[in-house]
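Reviewing the structure listed below.
The values are calculated or read from the model by the stated rules, or taken from the named source; none is laboratory data. None of the values given here were measured: they were computed from a predicted structure. All Cβ positions, even for glycine, are placed from backbone atoms using ideal geometry, and neighbour counts span all protein chains on display.
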Amino acid sequence: MRGTGMFDRTVEPDPRPAAPPSRNPERMRKGHRREYAADRARGSTSFSERCAGALTDIGVHGAVSYRDLSAARFGGHPYTTRRAVNAWIREGLVKEATATGPNGNPFKVIALTPRGAAEARKTAAKRGQDPRQRIEAAPLQRSQAAHDTAVYRACTAERERLRQRSATVRRVRLDRELRRTVARGSESARIKYGKRAADTERHSIARELGLPVDDRGRVLYPDAQIEYEDADGRTGRVNIEAVSGDYREPAVKAKAAAGFAMHASGPAAAALLRRLGLGSEKGSWLRGPADRDPTTVEL
């Protein structure tokens, strides 16, 4: 059928056959709102649920890099991540700053405000989160941000590994919470019964928390610990260490031998783990359960 086009030109019908349907399931631009509409139609995680999980993550870990949060909770989609973060900033729930990574490159980091921590706790309670989970508004310390965000990325990798094994994460404890718990009990025993009792109590609490004690009586603390429940209802823990380039070899060996999941924060740390035989999934120092495989973590 002929028709009249612009400037009264005759429009000829297209002689080419119709194009076949696209076989590319990713045909829409990443981060486009229509993509998320399609995702919801397929029953994937809703935007509100993504936001709830992201707020909880920030409160649990204190400081999270923008890029890591996007990858972990928003499928790496920049439009959706920016939409969520901007909304939180307008509502006074988060604060955003710029920190420096191990290679000297700047990156954006996000932390909760006190109002954001209160909101995250309410959201976590509604989602059935373990009530013992600590969610805090931590001060943004730029000097510590690279390490904090590396710990978050390491925990994200371990959470995904547990998810693939049909395990459910119940709680995440950071180094500072574990240390406070042990120190509080040990100091209480020291005040009442003296140093020997304090040492005994410290080791007892460490065993209860799943923390190893070395042959010199020192408790080995991970950067983070994940408590989980597997598909058969059994509980377990993963002790996680985000290794930086300035770690000493004896410390890395001790924690790896104790079954810690060793993650490299930066290329220097990755080289250190490879040199110690920890640079692949068959690292010789990993003697714990199957979820102790090393993973490279770099900002």
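Observations on the structure shown:
- Condition met for Ala251 (outside any loop (DSSP other than H, G, I, E, B) and either among the small types (Gly, Ala, Ser) or closer than 18 Å to Leu174 by Cβ (or both)): yes
- Of Leu174, Leu220, all but one fail to be surrounded by fewer than 19 Cβ atoms within 10 Å (Cβ to Cβ) and in contact with a strand residue (DSSP E or B) (Cβ under 9 Å, 6 or more places away or on another chain); the exception is Leu220.
- Taking the stretch 132-171 as the range and being without any contact (Cβ under 8 Å) to a residue 40 or more places away in the chain and more than 16 Å from the chain's Cα centre (by Cα) as the test, the residues that pass are Arg132, Pro139, Ser143.
- Set Ala38, Ala18: member being in a loop (DSSP other than H, G, I, E, B) and modelled with pLDDT under 50: Ala18
- Any hit, the stretch 116-123, residues being of a type in the set (Lys, Arg), modelled with pLDDT of 90 or more, under 30 Å from Thr235 (Cα atoms) and more than 18 Å from the chain's Cα centre (by Cα): yes
- Any chance Arg90 is over 20 Å from Arg153 (Cβ atoms), free of Cβ contacts under 8 Å to residues at least 12 places away in the same chain and out of contact with any strand residue (DSSP E or B) (no Cβ under 7 Å at 6 or more places or on another chain): yes
- Test result for Val109, of a type in the set (Val, Ile, Thr) and within 30 Å of Tyr247 (Cα to Cα): yes
- 1 or more residues among the aromatic types (Phe, Trp, Tyr): qualifying helices (runs of 4 or more DSSP H) within the stretch 54-169: 66-73, 78-90, 142-164
- Which numbered condition Gly101 misses (of (1) surrounded by fewer than 21 Cβ atoms within 10 Å (Cβ to Cβ); (2) closer than 17 Å to Asp57 by Cβ): (2)
- Any chance Leu273 is modelled with pLDDT of 95 or more, assigned to a helix (DSSP H, G or I) and crowded, with 21+ Cβ neighbours inside 10 Å: no
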